[in-house]
Amino acid sequence: MAAVIADPGGAHTPATLARLGRVSVRHLSRPFRGETGLSPAQYVESVRLEAAQALLTSGTGPIEAVADEAGFGSAETMRRAFQPTLGLSPTHYRARFRTTPRRRRLRL
């Protein structure tokens with residue numbers, strides 16, 4: 001779990017997580033679900049969602065860059081994770097929860 005939190009954008013497949021834990025993929029699933037209530041894949045997605053939320057609210061980078069840094073690979077994949085879980089698209093999430101001030105246009 002620490003490896004996923006430390007690098008949400010990493011290649012965290014069930015096989016790589018099992019190797020880190022020095023167990024088989026099949027064995028990894030049972031205790032993992034017992035500890036977290038989630039499958040390894042669900043856990044990785046939840047950590048990536050949290051990372052994307054933080055990046056969206058604190059930064060101004062493009063949505064595609066946020067998706068890549070958080071480990072989703074594409075803005076579309078990130079949107080598909082956001083919508084059912086948070087009820088908002090990443091763009092709407094950023095607009096609603098952004099903590100950095102937006103640039104204001106000067107009217108001449």
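The values are calculated or read from the model by the stated rules, or taken from the named source; none is laboratory data. Keep in mind the model is a prediction, meaning the values are calculated, not measured. Glycine gets a Cβ as well: all are built from the backbone with ideal geometry, and neighbour counts include every protein chain shown.
The table below gives the values:
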{"quantity": "Close pairs (7 angstrom Cβ cut-off, 6 or more residues apart or separate chains): modelled with pLDDT of 95 or more in region 62-77, hydroxyl-bearing (S, T, Y) anywhere", "calculated": "I63/T91; A67/S74; A67/T77"}
{"quantity": "Residues that are buried (at least 16 other Cβ atoms within 10 Å of the Cβ), of a type outside the set (A, V, I, L, M, F, W, C) and assigned to a loop (DSSP other than H, G, I, E, B), drawn from region 60-72", "calculated": "G71"}
{"quantity": "Test result for T57, part of a loop (DSSP other than H, G, I, E, B), among the hydroxyl-bearing types (S, T, Y) and in contact with a Ser or Thr (Cβ under 6 Å, 6 or more places away or on another chain)", "calculated": "no"}
{"quantity": "Qualifying position, being surrounded by 14 or more Cβ atoms within 10 Å (Cβ to Cβ), among the small types (G, A, S), closer than 15 Å to G10 by Cα and touching a helix residue (DSSP H, G or I) at 6+ places or on another chain (Cβ under 8 Å), among A75, A52, A81", "calculated": "A52"}
